[in-house]
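Peer 1: I'd like to ask some things about the structure below.
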Amino acid sequence: MLDVFTVGTALTVSVVAFAVTYFTTPPLASWLKHRGIVGIDVHKLDGPKIPQMCGLSVIAGLAAGLFSLELVGGHSPDIVAFLGTVAIAGIIGVVDDVRPLSSKLKPALTMLAAAPILLLGTYDPHPIFPLIGAFRLTILYPMLILVAIPVTANAVNMLDVFNGSMSGTLTIVSLTLAGVLAFAGKATAMGLALALSGSLLAFYLFNRYPARVFGGDTGSLACGAAVGALAIIGRVELVTVVALVPYIMNAFYGLASVGRLYERREIKPRPVKLRNDGLLEATAERGAPVTLTRLILAEGPMSEQQIVSVMQVLTALSCALAIFAFFLVEVQ
Amino acid sequence: MRIVALSALAIFVSLSVIFGVSLIMRATILILPYSMTEFRIVVEVLRVLLALALAYSWLRGGKAIADWYFWRSVSLRGRDES
C-alpha cells in the first residue's frame with residue numbers, strides 16, 4: 001500500500017488531467033466544427049453533425065497530468081514512455097480521422113506506439129499469472145509488446161460506436177487499474193492510471209448521450225494504447241486483459257465473424273439498424289459481424305443509452321473479476 | 001433477462017481467462033520445462049505458439065457460445081413477432 005502523500009499526489013494529477021480536458025474540450029469542439037471536421041451521429045433519427053477528433057483534449061489533459069506528476073513526483077522513464085506511446089497512437093488516430101487508413105495499415109502503424117516502451121525499457125519480461133507466478137519470457141516479451149499495444153488500441157477503437165461507450169467504460173477500467181496499482185504499491189503507474197481516468201471522466205461529460213463531441217480515432221487509439229501501456233509498465237497484464245473482456249469479446253467475435261481485419265465502413269451487411277421509433281435493433285443478416293452490440297440487442301430493440309448502460313455494467317463486472325485476478329496473483 | 005445472459009457470458013469469459021491462462025501456462029511449462037535452457041529461444045517461441053494456439057481454441061469456444069446465444073435469441077424473437 002502507498003502512503004497518504006503519494007496517494008494525494010496521484011489524486012492531484014487526476015484533478016489536473018480532469019481540469020485540462022474539461023476546459024479544452026468546448027473550445028476545441030467549436031474550432032473543429034468551424035473547420036468542418038465533423039462526423040454524423042448515425043444512431044440518431046435526425047443524424048446531427050458532431051465535432052470529431054475531440055480526443056485531442058483527452059491527450060492534452062493526460063499530458064498536463066503527466067507533467068504535473070513529473071514535477072511533483074520526480075522524473076521517471078515510465079512517464080516518458082507512457083506519454084510517448086499515447087502521443088504516437090494519437091498521431092496515428094489524427095491521420096486516420098483525416099484520411100482513413102486501411103484495415104491492415106492501421107494496426108501495423110499502431111505497432112509504432114510500442115516504440116517508447118521498448119526503447120526506454122520500461123517493462124519486465126516476467127509477466128505474473130495466478131497459481132503459477134512469474135513466467136519467464138525474456139526474449140519474446142518485447143515482441144509481444146509490439147502486438148499488445150495495437151491489440152488494445154484497436155479493440156478500444158472497435159467499441160467506440162455509441163455516445164459515451166468508449167469514454168464511460170474505459171473510465172471504469174482505468175479507475176480499477178489505479179486501485180489495483182495502489183494496492184500493489186506502484187506509485188508512478190497509479191499516477192498514470194489516475195491521470196487517464198481524470199481525462200476520460202471529463203471527456204465523458206461531453207461525450208455521453210446526447211454526445212456534443214466525438215473522440216474519433218484520435219481519442220480511441222490513444223486511450224486504448226494508454227491502457228496497453230499501463231498494463232505493461234504496471235506489470236498488471238492479466239488484470240488488464242480481464243478488465244478489458246467486453247472489448248476483447250467485441251473485437252474477437254467481430255473479427256472471427258468476418259474472418260479478417262475490417263473497418264466498419266467496409267462491411268455492407270449492417271449488424272444493427274435504427275428503427276423509426278429511434279430504437280436500435282440487431283439485424284438478422286448472416287454476413288454481419290456478431291459484435292457485442294448485436295449480442296446486447298439479440299433479445300430485442302433498445303435505446304442507445306440502454307445499450308451503453310449494459311456495456312458499463314458488463315465492464316464493471318469484468319473489473320470486479322480483474323480485482324479478483326489481482327488478489328489471486330498477490331496470494332501467489 | 002438479457003443482462004443476466006450477457007453477464008453470465010462475461011463471467012464465463014473472465015473466469016476462463018483467469019484460470020485458463022494459468023492452465024495454458026502450466027501446460028506449456030510441463031511440455032517445455034525451464035531446464036531446456038540451452039534452447040531458450042526455441043523454448044520461448046514454442047511456448048508462446050502453444051499458448052497462442054490454446055488461447056485461440058478457447059476464444060473460438062467462446063465465439064461458438066456467443067453465436068448460439070445470438071441466433072437462438074433472434075429466431076425466438078422472430079417467432080414471437082410472427
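The values are calculated or read from the model by the stated rules, or taken from the named source; none is laboratory data. Here the structure is a predicted model, which means the values were calculated and not measured. Cβ coordinates were reconstructed from backbone atoms using ideal geometry, including for glycine residues, and neighbour counts include every protein chain displayed.
Peer 1: Of all residues in the range A:297-319, count the ones that are farther than 23 Å from A:Arg270 by Cα, surrounded by fewer than 23 Cβ atoms within 10 Å (Cβ to Cβ) and at the interface with chain B (Cβ under 9 Å from one of its Cβ atoms).
Peer 2: Looking only at the range A:297-319, we keep the residues that are farther than 23 Å from A:Arg270 by Cα, and these are A:312-319.
With the extra rule that they be surrounded by fewer than 23 Cβ atoms within 10 Å (Cβ to Cβ), the set shrinks to A:312-313, A:316-317.
Remaining after also requiring at the interface with chain B (Cβ under 9 Å from one of its Cβ atoms): A:313, A:317.
Number of matching residues: 2.
Peer 1: Go through (1) in contact with a helix residue (DSSP H, G or I) (Cβ under 7 Å, 6 or more places away or on another chain); (2) farther than 20 Å from A:Thr21 by Cα; (3) among the aromatic types (Phe, Trp, Tyr) for A:Tyr141 and report which single condition fails.
Peer 2: Result: A:Tyr141 fails condition (1) only.
Peer 1: State whether the residues of the range A:254-275 include one that is out of contact with any Ser or Thr (no Cβ under 7 Å at 6 or more places or on another chain), away from chain B (no Cβ under 14 Å) and crowded, with 21+ Cβ neighbours inside 10 Å.
Peer 2: Checked against the condition, which is being out of contact with any Ser or Thr (no Cβ under 7 Å at 6 or more places or on another chain), away from chain B (no Cβ under 14 Å) and crowded, with 21+ Cβ neighbours inside 10 Å, the range A:254-275 yields no hits at all.
Residues are listed down the side, and each one gets a yes or a no for (1) among the aliphatic types (A, V, I, L, M); (2) buried (at least 17 other Cβ atoms within 10 Å of the Cβ); (3) within 14 Å of another protein chain (Cβ to nearest Cβ); (4) at positive phi:
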| site | (1), (2), (3), (4) |
| --- | --- |
| A:Ile40 | yes, no, no, no |
| A:Met53 | yes, yes, no, yes |
| A:Val86 | yes, yes, no, no |
| A:Leu109 | yes, yes, no, no |
| A:Phe129 | no, yes, yes, no |
| A:Ile139 | yes, no, yes, no |
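Yes or no, residue by residue, for (1) touching a Leu at 6+ places or on another chain (Cβ under 9 Å); (2) not β-branched (Val, Ile, Thr):
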{"residue": "A:Leu69", "(1), (2)": "yes, yes"}
{"residue": "A:Val94", "(1), (2)": "yes, no"}
{"residue": "A:Val98", "(1), (2)": "no, no"}
{"residue": "A:Ser103", "(1), (2)": "yes, yes"}
{"residue": "A:Ala114", "(1), (2)": "yes, yes"}
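Peer 1: Applying the selection to the range A:283-332, what residues are among the polar types (S, T, N, Q) and part of a helix (DSSP H, G or I)?
Peer 2: Selection gives A:Thr293, A:Gln305, A:Gln306, A:Ser309, A:Gln312, A:Thr315, A:Ser318.
Peer 1: Out of curiosity, is B:Ser22 of a type in the set (S, T, N, Q) and either surrounded by 15 or more Cβ atoms within 10 Å (Cβ to Cβ) or at pLDDT below 75 (or both)?
Peer 2: On the way: of a type in the set (S, T, N, Q): yes; either surrounded by 15 or more Cβ atoms within 10 Å (Cβ to Cβ) or at pLDDT below 75 (or both): yes.
It is true that B:Ser22 is of a type in the set (S, T, N, Q) and either surrounded by 15 or more Cβ atoms within 10 Å (Cβ to Cβ) or at pLDDT below 75 (or both).
Peer 1: With (1) at pLDDT 90 or above; (2) of a type outside the set (Ser, Thr, Tyr); (3) surrounded by fewer than 17 Cβ atoms within 10 Å (Cβ to Cβ) as the list, and A:Gly93 as the residue in question, which single condition is left unmet?
Peer 2: (3)
Peer 1: In the set B:Val13, B:Val43, B:Val17, B:Val74, which member is surrounded by 15 or more Cβ atoms within 10 Å (Cβ to Cβ), out of contact with any Ser or Thr (no Cβ under 7 Å at 6 or more places or on another chain), modelled with pLDDT under 75 and facing chain A (nearest Cβ under 10 Å)? Before the answer, list the steps.
Peer 2: Details: B:Val13 fails: modelled with pLDDT under 75; B:Val17 fails: modelled with pLDDT under 75; B:Val74 fails: modelled with pLDDT under 75.
Every option except B:Val43 fails the conditions.
Peer 1: Could you check, for the range A:64-78, whether at least one of its residues is without any contact (Cβ under 8 Å) to a residue 12 or more places away in the chain, β-branched (Val, Ile, Thr) and either crowded, with 24+ Cβ neighbours inside 10 Å or part of a helix (DSSP H, G or I) (or both)?
Peer 2: Among the residues of the range A:64-78, not one is without any contact (Cβ under 8 Å) to a residue 12 or more places away in the chain, β-branched (Val, Ile, Thr) and either crowded, with 24+ Cβ neighbours inside 10 Å or part of a helix (DSSP H, G or I) (or both), which makes the answer no.
Let's see how each residue does on (1) modelled with pLDDT of 90 or more; (2) farther than 26 Å from A:Thr315 by Cβ; (3) within 19 Å of the chain's Cα centre (by Cα):
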{"position": "A:Lys104", "(1), (2), (3)": "no, yes, no"}
{"position": "A:Leu112", "(1), (2), (3)": "yes, yes, yes"}
{"position": "A:Leu118", "(1), (2), (3)": "yes, yes, no"}
{"position": "A:Pro130", "(1), (2), (3)": "no, no, no"}
{"position": "A:Leu140", "(1), (2), (3)": "no, yes, no"}
{"position": "A:Val147", "(1), (2), (3)": "yes, no, yes"}
{"position": "A:Val161", "(1), (2), (3)": "yes, no, yes"}
{"position": "A:Gly168", "(1), (2), (3)": "yes, no, yes"}
{"position": "A:Leu177", "(1), (2), (3)": "yes, no, yes"}
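Peer 1: So which residues in the range A:278-296 are surrounded by fewer than 16 Cβ atoms within 10 Å (Cβ to Cβ) and under 20 Å from B:Gly62 (Cα atoms), if there are any at all?
Peer 2: A:Arg286, A:Gly287
Peer 1: Of the numbered conditions (1) under 24 Å from the mean Cα position of the chain (by Cα); (2) at pLDDT below 95; (3) surrounded by fewer than 17 Cβ atoms within 10 Å (Cβ to Cβ), A:Gly8 satisfies every one except a single condition; which is it?
Peer 2: (1)
Peer 1: If the requirement is being touching a Lys or Arg at 6+ places or on another chain (Cβ under 8 Å) and away from chain B (no Cβ under 14 Å), which of these qualifies: A:Val161, A:Val213?
Peer 2: Numbers: A:Val213 fails: touching a Lys or Arg at 6+ places or on another chain (Cβ under 8 Å).
Unique residue meeting the criteria: A:Val161.
Peer 1: Let me ask something else. Go through the range A:267-282 and give me each residue that's more than 25 Å from the chain's Cα centre (by Cα), over 14 Å from A:Met302 (Cβ atoms) and of a type outside the set (D, E, K, R).
Peer 2: A:Pro269, A:Asn276
Peer 1: Output the residues belonging to the range B:46-64 that are surrounded by fewer than 17 Cβ atoms within 10 Å (Cβ to Cβ) and aromatic (Phe, Trp, Tyr).
Peer 2: Once the filter is applied, which keeps residues that are surrounded by fewer than 17 Cβ atoms within 10 Å (Cβ to Cβ) and aromatic (Phe, Trp, Tyr), the range B:46-64 yields only B:Tyr56.
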